Amino acid sequence: MKMRLYALLEEYAKTNLPDMEITGLTDDSRKVKPGMLFACIRGEHFDGHNAAGKALESGAAAVLADHDLGLGDRQILTDDTRKLYGQLCAAWFGHPERKMHFVGVTGTNGKTTITNLIKHILTEAGHRVGLIGTIQNEIGDKIVHTDNTTPFVYDLMGLYAQMAEAGCDYVVMEVSSFGLVQERIGVTHFDTAVFTNLTQDHLDYHKTFENYRNAKKAFFDGLPKTAFAITNADDKNGMVMVQNTKAVVKTYSTRSMADFKGRLLECHFEGMYLEIDGREVGVQFIGKFNLSNLLAVYGAAVMLGQKPEDVLLVLSTLHSVNGRLEPIHSPEGFTAIVDYAHTPDALKNVLGAIHEVLDGRGHLITVCGAGGNRDKGKRPLMAQEAVAQSDKVIITSDNPRFEEPQDIINDMLAGLNAQQMKKVISIADRREAIRTACMMAGKGDVVLIAGKGHEDYQEIKGVKHHFDDHEVVREFIGTEEKKS
């Protein structure tokens, strides 16, 4: 693929360079090939401006920079290289973002469940839908591998182009705080935006909770007046998110007056009976936090023009997303539940949901860990949440990455006092931790295996080793996976 420089720049930037053929775009100096434009992006650990000379030596036609690098007519100057690069990526792929409607979901927890369910509802309504998220990307029924919740802008625009070419008229995507701060969404204009909740996460990157909150809020600040902003009125930051938005604001709540209101009527491990806007519906999800997720889905679908009764009908037929409160029943009469909960609040919600069903009739054994090279502040908090709502806790390894598993475990244990430690054992080997929990469980008990959910790997010293919590559980309890 090639493009003339002036056609690529459109109205986004001016230059004294002669018009020429551009062979590609990149912000990675290692990927520069002759004729490409190289964007000098300032990252957390590396400033692309320092690689401008190397890029030109590798054959780059020119570089995008935010200050004069002394490269004469080989540089295109701009106030914001991230922003300009995002605009040029969209132009490079023929502006696919102008050809589809976009639904974005942001918040700490619930994004994956909400995006997947909105996609199902729109698909059932006859639309061809693209999905971008944590577990995988989807173009209609086609699955596309994902490395990041929100892909980098060049990859994102390329994915949009594939979706538009495949006939998608909607794209539903998870919008991460990383994606927002790093402007990965580029020039995408969202028609509908959903806020789930906000709790501590990614403070290793954002440094403060305020920075993290502001990253999410910027998403809503940038919405046009033609868009809808659907926010969780039960979250203390729900109205903060939309206080400066130009979009039409709608609220959802399980506790107070809102545009979309719901309440839990009955709960079992097989599902819940709910009342949503005065209509009763049975769903195959459990937990009050999932009631909140379903309200967000319902509100978004209704604002997208779907009939309320049709939305509820589809919701009644759907299963939980892979690795989100997935029950596996053992022949011995206990239930193992695999869940992605990897933040203190997510763990609190999942444990609470299990207790809503257990209602004191069985013991709860929790297996959990924390990721390496990530926010260390949440480690002791996760241990405290686990101990507060479990009869027994096994602290183990998650994705240690480049840290020692025992060091991470020690950080978690540091948040517990002597009395709390009586409930806890630590087993660094995750397989052995899961096996031990299953051996400890009796009839009517629940074993929660938290932290990895849909992931089928364990990342150790830069290498991803195959590891699937579902497989490990079934191996120990002797059941086979049900084929759908």
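The values are calculated or read from the model by the stated rules, or taken from the named source; none is laboratory data. Remember, predicted model here, so these are calculated numbers, not experimental data. Reconstructed Cβ throughout: ideal geometry from the backbone, glycine too, with neighbour counts over all protein chains shown. Surface areas here come from the heavy atoms of the whole protein model, side chains and all, with no ligands, DNA or RNA. Shrake-Rupley method; radii C 1.70, N 1.55, O 1.52, S 1.80 Å.
With a/c under 1.5 counting as rounded, go ahead and sort segment 409-484 into rounded, prolate or oblate using the C-alpha gyration tensor (a ≥ b ≥ c being the square roots of the eigenvalues; past the cut-off, prolate if a/b is larger than b/c, else oblate). Because a/c hits 1.5 or more and a/b fails to exceed b/c, segment 409-484 counts as oblate. Cross-link partners for K307 among the aspartates and glutamates, with Cα-Cα distance under 13 Å and sequence neighbours closer than 8 places in the same chain left out: E124, D277. Each of H67, L77, V103 was scored by the projection of its Cα onto the charge dipole of segment 1-148, and the greatest displacement toward the positive side belongs to V103; charges sit on the C-beta of Lys, Arg, Asp and Glu.
Please compute the per residue accessible area over segment 82-164 with all protein chains in place, 1.4 Å probe, rounded to a whole number of Å². Ligands and nucleic acids excluded, the figure is 34 Å² per residue.
What is the antiparallel percent of DSSP beta bridges lying wholly in the chain, to the nearest 5?
Working: 27 of 77 bridges.
Roughly 35 percent of the DSSP beta bridges within the chain come out antiparallel.
What is the magnitude of the charge dipole of the chain about its Cα centre, with +1 placed on the Cβ of each Lys and Arg, -1 on the Cβ of each Asp and Glu, and no other charges, expressed in debye to the nearest 20? List each step's numbers first, then the result.
Numbers: 53 positive and 65 negative charges, 90 e Å.
Using Cβ point charges on Lys, Arg, Asp and Glu, the chain gives about 440 debye.
Rounded to the nearest whole Hz, the Karplus-based 3J(HN,Hα) values (6.51 cos²θ - 1.76 cosθ + 1.60, θ = phi - 60°) of segment 259-268 follow the sequence 5, 10, 10, x, 8, 7, 9, 7, 9, 9, with x at glycine and proline.
Would you mind calculating the gained length between A388 and K464 on full extension (0.36 nm times residue separation, minus the Cα-Cα distance), in nm to one decimal?
Working: separation 76, 0.36 × 76 = 27.36 nm, distance 3.20 nm.
Full-extension gain reported as 24.2 nm.
Helical content alone sets the calculated 222 nm signal of the chain at -9500 deg cm²/dmol, taking -39,500 (n - 2.57) per DSSP H segment of four or more residues and averaging over every residue. Fully extending the segment from Q420 to D73 would add 118.3 nm, taking 0.36 nm per residue of separation and subtracting the current Cα-Cα distance.
Only lysines eight or more places from K33 in sequence, or on another chain, were considered; those with a Cα closer than 18 Å are K2, K54.
Specify the angular offset, from 0 to 90 degrees and rounded to the nearest 10, of the alpha carbon long axis of helix 153-165 from the longest principal axis of the alpha carbons in the chain. Taking Cα atoms only, the helix is inclined about 80 degrees.
Could you work out the relative contact order of the chain, using alpha carbon pairs under 8 angstrom and six or more residues apart, expressed as a whole percent? Let's see the in-between values first.
Numbers: 1034 pairs, mean separation 47.5, N = 484.
RCO, the chain: 10 percent.
The 3J(HN,Hα) values that the Karplus relation (6.51, -1.76, 1.60; θ = phi - 60°) gives for segment 6-18 are, in residue order, 5, 5, 5, 5, 6, 9, 6, 7, 10, 7, 8, 5, x Hz. Gly and Pro appear as x. For the pair segment 86-107 / segment 1-48, the C-alpha centres are spaced 18 Å from each other.
Within the straight-line cut-off of under 25 Å between alpha carbons, the lysines reachable from K464 are K31, K111, K142, K376, K378, K452, sequence neighbours fewer than 8 places apart in one chain being disregarded.
Give the distance, in whole Å, between the Cα centre of segment 394-424 and the Cα centre of segment 229-299. Taking the Cα centre of each part, segment 394-424 and segment 229-299 sit 34 Å apart.
Seen against the Cα atoms of the chain and their longest principal axis, helix 344-358 is set at about 30 degrees.
Using a probe of 1.4 angstrom and keeping all protein chains present, the accessible surface of segment 176-276 works out to 44 square angstrom per residue. Here H189 sits with roughly 130 square angstrom of accessible surface, probe radius 1.4 Å.
Heavy-atom surface analysis with a 1.4 Å probe gives the chain a carbon and sulfur content of 48 percent of its accessible area.
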